[in-house]
Amino acid sequence: MNTMKDYEFWFVVGSQFLYGPEVLSTVEARAKEMVAKLDKSGKLPCRLVFKTIVKTPEDATGAIMAANGDGRCAGIITWCHTFSPSKMWLNGLKILQKPYCHLATQYNRSIPDKEIDMDFMNLNQAAHGDREHGFIAARLRTPRKVIAGFWQDADVQTRLGDWMRVAVGIAFSKSLKVMRFGDNMRNVAVTEGDKVGVQEVLGWQVNTWPVGKLAECIDAVSGKEADALMAEYKKLYAFNTKNLDAVRYQAKEEIAMRKLLDEEGCRAYTNTFEDLYGMEQLPGLASQRLMALGYGYGAEGDWKTAAMTAVVKAMAEGKKGGTAFMEDYTYELAKGKECSLGAHMLEVCPSIAAAKPKIEVHALGIGGKADPARLVFEGRAGKAIVISLVDVGGRLRMIVQDVECIKPVCRMPNLPVARVMWKPMPNLKTGVECWIVAGGAHHTTLTYDVSAAQMRDFARIAGIEFVHITKDTTVEKLEQELFLNDLAWKLKS
Ligand code: MN
């Protein structure tokens, strides 16, 4: 269950027996035609499967129970060609455990001026069928996505595809295991959190493994394995160092960490420079490479950002913009040039590189180990978002900010790490004020591939607080929203 293509979505159509067998068979034939065309549209990342026409309460409950129990099914998509009384759906929706999208569409694009009569009205009544269907989910407070529009239109298909990626993110999340080497960096608050609470809400299993075992595993990597990986590095990156031994040690670290992660089925991991017992270097290049391969990573024990990065990478599968672990470092505050410089001590994912990364070896002021090899590059320009997940005491808050990544405004020849520059929305000063007011962390997941709208859908399905800082956000509006959110969440719990 590792790739988008392994998942499918079930198309479940609401109707009833009222209209006679002829209407029902037309509904079924059309639903199958729509599924086949949508499936072949090229806009959906996963398979769409026709499941059933719901005519009775038992049909609805049966389809939903089957969806709950089927590991391939990442979500259900419902639509009502005709009218489908929603008390038939109530018991089923109450036990629904999969993401749910209500596609409010209709078979025909236009009203056929000359032909329309009462038979046409009986067969084509999505406009009122979808309202009855939508009411019960509103009444039950069932989290769902509603997408309205003509099913053959590209924008509707794209939105459906985007939502499918979110649902896959939820499925991925539910089985995600995070491997921790060492604890959080001493005294840091924002990278902490309630692991049991997070597992309950998002499914993430966060556990620790001994750093000593990793060190043994690094030492056990054969010369042949390390040589093979060095050959791959030579193909992919420019070597801007003569210290090949340092690079080779990172290759061993990459191989060892990947082995341990795969043995345990972990798709994300953390480490910390404060706990490198038995290791020669802090993994730099090694962590950058593992992120490029799709593993989530969080430095200084940051398991929430590690897991979030893995989830976003899973949602972005096949996209080319890139997703990286990121950290806000320093600001450019000159008038008219305001932006933020993001980087990390070493570990920025090369999936966001604007050009071929260089391998370099430099001293690291902290950690007390040998000079680590790392990839150095500039991030690409373009629209992106940064995501932070914080534990605000008793619940999780996801904070997403729209950002515009730019070509770095200076070369910074002595900065020995990968770097990205961005303008946060709505502007640097208000953007920073909003981020700090909301409690956003210095660590984030930066992605060019997944939108804020998708993260909002993710938060809605998962049932966590969502805060979005956009071009229109003001500190005053945000403070009010956070205050009301606090009240709402207190009532909820
Ligand atoms: Mn950090």
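The values are calculated or read from the model by the stated rules, or taken from the named source; none is laboratory data. Being a predicted model, the structure only gives us computed values, none of them experimental. Note: ideal-geometry Cβ built from the backbone for every residue, glycine included; neighbour counts use all protein chains shown. Just the protein is used for accessible areas: all its heavy atoms, side chains included, with ligands, DNA and RNA removed. Shrake-Rupley method; radii C 1.70, N 1.55, O 1.52, S 1.80 Å.
Looking only at residues in the range 381-394 that are surrounded by fewer than 19 Cβ atoms within 10 Å (Cβ to Cβ) and touching a residue at least 40 places away in the same chain (Cβ under 8 Å), the one that is nearest to Ala306 (Cα to Cα) is Val392.
Considering (1) within 13 Å of the ligand (Cβ to nearest atom); (2) within 18 Å of Pro350 (Cα to Cα), the lone condition that Glu300 does not fulfil carries the number (2). With respect to the conditions (1) open to solvent by 10 Å² or more (accessible area, probe 1.4 Å); (2) more than 16 Å from the ligand (Cβ to nearest atom); (3) over 20 Å from Glu378 (Cα atoms), Phe273 lacks only one, and its number is (2). Residues of the range 427-441 include at least one that is touching a residue at least 60 places away in the same chain (Cβ under 8 Å), surrounded by fewer than 24 Cβ atoms within 10 Å (Cβ to Cβ) and within 16 Å of the ligand (Cβ to nearest atom). Of all residue pairs spaced 6 or more apart or on separate chains, those with beta-carbon atoms under 7 Å, a first member in the range 301-316 that is closer than 17 Å to Gly265 by Cβ and a second member that is more than 16 Å from the ligand (Cβ to nearest atom) and part of a helix (DSSP H, G or I) are Val311/Gly169; Val311/Phe172; Val311/Ser173; Ala314/Val168; Ala314/Gly169; Ala314/Phe172. When Val156, Val146, Val178 are checked against the criterion of being more than 19 Å from Arg397 (Cβ to Cβ) and either within 16 Å of the ligand (Cβ to nearest atom) or open to solvent by 70 Å² or more (accessible area, probe 1.4 Å) (or both), Val146 stands alone in meeting it.
Taking the range 88-136, which residues are in a helix (DSSP H, G or I), closer than 28 Å to Gly169 by Cβ and small (Gly, Ala, Ser)? Across the range 88-136, the qualifying residues are Gly92, Gly134. Taken over the range 339-380, the criterion of being open to solvent by 10 Å² or more (accessible area, probe 1.4 Å), in contact with a helix residue (DSSP H, G or I) (Cβ under 8 Å, 6 or more places away or on another chain) and farther than 22 Å from Arg248 by Cα is satisfied by Arg380 alone.
Residues checked against (1) assigned by TED's automatic domain parsing to the domain that holds Glu404; (2) more than 15 Å from the chain's Cα centre (by Cα); (3) closer than 17 Å to Ile387 by Cβ:
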{"site": "Leu446", "(1), (2), (3)": "yes, no, yes"}
{"site": "Arg456", "(1), (2), (3)": "yes, no, yes"}
{"site": "Val467", "(1), (2), (3)": "yes, yes, yes"}
{"site": "Val475", "(1), (2), (3)": "yes, yes, no"}
{"site": "Leu478", "(1), (2), (3)": "yes, yes, yes"}
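Being closer than 17 Å to Leu396 by Cα and touching a Phe, Trp or Tyr at 6+ places or on another chain (Cβ under 9 Å) is the filter here; which residues of the range 204-231 pass it? If the condition is that a residue be closer than 17 Å to Leu396 by Cα and touching a Phe, Trp or Tyr at 6+ places or on another chain (Cβ under 9 Å), then Trp204, Val206 are the ones that fit.
Of the residues Ala363, Ala334, the single one that is part of a loop (DSSP other than H, G, I, E, B) and in contact with an Asp or Glu (Cβ under 8 Å, 6 or more places away or on another chain) is Ala363. Checking each residue in the range 312-326 for being under 16 Å from Ala384 (Cβ atoms), buried (at least 22 other Cβ atoms within 10 Å of the Cβ) and more than 16 Å from the ligand (Cβ to nearest atom) picks out Val312, Lys313, Met315, Ala316, Gly322, Thr323. Filtering the range 1-28 to residues that are within 23 Å of Ala66 (Cβ to Cβ), open to solvent by less than 60 Å² (accessible area, probe 1.4 Å) and not polar (S, T, N, Q) leaves Met4, Tyr7, Glu8, Phe9, Trp10, Phe11, Val12, Val13, Gly14, Leu24, Val27. Of these, Cys266, Cys217, which one is assigned by TED's automatic domain parsing to the domain that holds Ala354, closer than 29 Å to Val311 by Cβ and assigned to a loop (DSSP other than H, G, I, E, B)? Testing whether each residue is assigned by TED's automatic domain parsing to the domain that holds Ala354, closer than 29 Å to Val311 by Cβ and assigned to a loop (DSSP other than H, G, I, E, B) leaves just Cys266.
Within the range 327-338, count every residue that is within 16 Å of the ligand (Cβ to nearest atom), among the charged types (D, E, K, R) and open to solvent by 30 Å² or more (accessible area, probe 1.4 Å). The number of residues fulfilling the criteria is 1.
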